[in-house]
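The values are calculated or read from the model by the stated rules, or taken from the named source; none is laboratory data. Since we're looking at a predicted model, the values are computed, not measured. Neighbour counts are summed over all protein chains in view; Cβ atoms, including those assigned to glycine, are modelled from backbone coordinates with ideal geometry.
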Amino acid sequence: MRKFSPRELNWLMKFAKPDSLREVSQTSQMPVEYIAGVAEFCGRDFKVNQDVLIPRVETEELVGHALRLATLISAKGGPAFGWHKSEPVLADIGTGCGCIGITLYLELVKLGIRPTVYMSDISKRALDVAEENVFRFIKARPSAGRPGLTLLKSDLMADFPKNLKFDLIVANLPYVPSKRWRRLPASVRKFEPRAAIDGGEGGTELTGGLIKQAGEKLRQKGAMILETDETHSQKTFEKETGKEFESDLKQDQFGKNRFLILRSTIGG
């Protein structure tokens, strides 16, 4: 019989439906977030199911980097960073449950900034979850024309409006090298969507592809923040970044390479 930690038990008691609780001892290794249908991210409780990843604490750090960069750009503006006044345009690529894009939107609004945020995913099922979370926190559905938030089904940025330019692009795409899939915890392999985790042979199949696309999608001196695998370095993406970006690789709170920050030097 599975033994739950005190944190897991508290989570289940708070969010799980009674039927789930009666069967919980038989739910081998399923993360409590999936059992309860709710995961915490940056102090908010997001709806999740097995069509989307469970948000991680490392990704909260990605949001922190994005907000620091956004507020720095917004405060200084002009030629130093290229932020578009107080109405920036952002993209959250591979949005999943929508936790990154929604959090950035809400936190920027708190700061008096009026962002336009495009949240995209290749998975229609993931976008359905993201839409429920938009309604959960903003009480309006993007499909009904909610100002400032747009959900878009797209393979990376291939299906975005052609002439749309961004001040900031953020993405937590699949980045784990395929050879490491079998070494991940069973709770991940058995329950979380592999398509949202497996980044191909070197773990760069999608992140590298997005960097190539972003060169045309970022405004001049706009920025992009990517969550990457701990085995990746700035050199990993040299071919994709070329002379179009200034790059900086930051570690997470556990001392592992995690966040690739790119600033466009050429964008439109």
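Yes or no, residue by residue, for (1) among the hydrophobic types (A, V, I, L, M, F, W, C); (2) part of a loop (DSSP other than H, G, I, E, B):
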position	(1), (2)
Phe160	yes, yes
Glu192	no, yes
Ala214	yes, no
Arg219	no, no
Ala223	yes, no
Checklist entry - Is there any pair linking a residue in region 235-254 that is closer than 18 Å to Leu62 by Cα and modelled with pLDDT of 90 or more to one that is surrounded by 12 or more Cβ atoms within 10 Å (Cβ to Cβ) and of a type in the set (A, V, I, L, M, F, W, C), with Cβ under 6 Å and at least six apart or on different chains, and which? => result Ser247/Leu262; Asp248/Ile261; Leu249/Leu260; Lys250/Phe259
Next on the checklist: The conditions are (1) assigned to a loop (DSSP other than H, G, I, E, B); (2) in contact (Cβ under 8 Å) with a residue 40 or more places away in the chain; (3) at positive phi, and His232 fails exactly one of them. Which is it?
Outcome noted: (3)
Checklist entry - Counting only residues that are of a type in the set (Val, Ile, Thr) and crowded, with 20+ Cβ neighbours inside 10 Å, which one in region 212-240 is farthest from the chain's Cα centre (by Cα)? => result Thr236
Checklist entry - Residues of region 94-137 being within 16 Å of Arg219 (Cβ to Cβ) and in a strand (DSSP E or B), which ones? => result Thr116, Val117, Tyr118
Next on the checklist: Considering only region 119-132, I want to know if a residue exists there that is modelled with pLDDT under 95 and aliphatic (A, V, I, L, M).
Outcome noted: no
Next on the checklist: So for region 144-153 (the condition being surrounded by fewer than 16 Cβ atoms within 10 Å (Cβ to Cβ), within 26 Å of Glu216 (Cα to Cα) and modelled with pLDDT of 95 or more), does at least one residue qualify?
Outcome noted: yes
Next on the checklist: Condition (residue is in contact with a Ser or Thr (Cβ under 6 Å, 6 or more places away or on another chain) and hydrophobic (A, V, I, L, M, F, W, C)) applied to region 187-203: is it met by at least one residue?
Outcome noted: no
Checklist entry - Any chance region 173-186 includes a residue that's buried (at least 17 other Cβ atoms within 10 Å of the Cβ), in a helix (DSSP H, G or I) and of a type in the set (Val, Ile, Thr)? => result no
Item to check | Tabulated pairs, region 29-43, first part of a helix (DSSP H, G or I), second of a type in the set (Phe, Trp, Tyr) and modelled with pLDDT under 90, C-beta under 8 angstrom, 6+ apart or interchain | outcome: Val32/Phe4; Val32/Trp11; Glu33/Trp11; Ala36/Trp11; Ala36/Phe15
